[in-house]
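Visitor: Questions regarding the structure given below will be posed in turn.
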Amino acid sequence: MNRKSLFVIAAIIIVTCLFAGCPNDSSGGDDTKVKVHKPYGNGTYTGDLTGVGEGYGDGIGGYKDVTVTLHLVNGVINSVAVSHNETAAVGGVLINKVRPLIIEANSFEVDALTKATAIYTREALLEAGEEALSKIPY
């Protein structure tokens, strides 16, 4: 084989290895099944709770905080606000996809989050959500 043929074969192998089995988004698939969690705080808590997790950021300048603010009404998550510096095309996609699922499930235990391939963003959201929910007075 000549050098050109070897180069083409090597390039095909590299591209195949890079993209084999990778989903086309950072959510880890399109599984949107949710299990609804019971109301928090004995179903009576209403208020805002904030938690912070350590995300990857934009990859420049070290890790950045991901801040989650939850608004609960009678122990049910009514809204999820996320402040972050995650890369828009990776972590940002995950955040936008899971926010409505978190509200629907009344929990951070949603498949799209627990199976996400945006690992740092996933962990930051879980950490921030758990911290926020831990502040509910029972």
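Visitor: Length gain on complete extension for the stretch residue 88 to residue 12, per 0.36 nm per residue less the alpha carbon to alpha carbon distance?
Guide: The span from residue 88 to residue 12 would gain 24.5 nm if fully extended.
Visitor: If you don't mind, there's one more thing I want to ask. Enumerate the amide H contacts of residue 79 below 5 Å, restricted to partners 5 or more residues apart or on another chain; note that Pro and chain-start residues carry no placed amide H.
Guide: Excluding prolines and chain starts, which carry no amide H, the hits are 71.
Visitor: Turning to a different aspect of this structure: To one decimal place, what orientation-averaged projected area in nm² is obtained for the convex hull of the Cα set of the range 27-133?
Guide: Working: hull surface 22.9 nm².
If I average the Cα hull's projected area over directions, I get 5.7 nm².
Visitor: Using θ = phi - 60° and the Karplus relation 6.51 cos²θ - 1.76 cosθ + 1.60, list the HN-Hα couplings for the range 105-111 in order, rounded to whole Hz, with x at every Gly or Pro.
Guide: Result, rounded to whole Hz: 7, 6, 6, 8, 8, 10, 3.
Visitor: Here's something else I'd like to know. Mind giving me the nanometre distance, one decimal, between the label points for residue 54 and residue 134, set 7 Å out from Cα along Cα→Cβ?
Guide: Going by the 7 Å Cα→Cβ label model, 1.4 nm.
Visitor: Count the lysine pairs in the range 27-133 whose Cα atoms sit under 20 Å apart, keeping only pairs 8 or more residues apart in sequence or on different chains.
Guide: Values: 33/97; 33/115; 35/97; 35/115; 97/115.
For the range 27-133, qualifying lysine pairs total 5.
Visitor: How much length, in nm to one decimal, is gained on full extension between residue 74 and residue 3, taken as 0.36 nm per residue of separation minus their Cα-Cα distance?
Guide: Values: separation 71, 0.36 × 71 = 25.56 nm, distance 6.91 nm.
Difference between extended and current length: 18.6 nm.
Throughout, read-outs are computed from the coordinates displayed, never taken from laboratory work. Please read all numbers here as calculations on a predicted model, not as lab measurements. Note: ideal-geometry Cβ built from the backbone for every residue, glycine included; neighbour counts use all protein chains shown.
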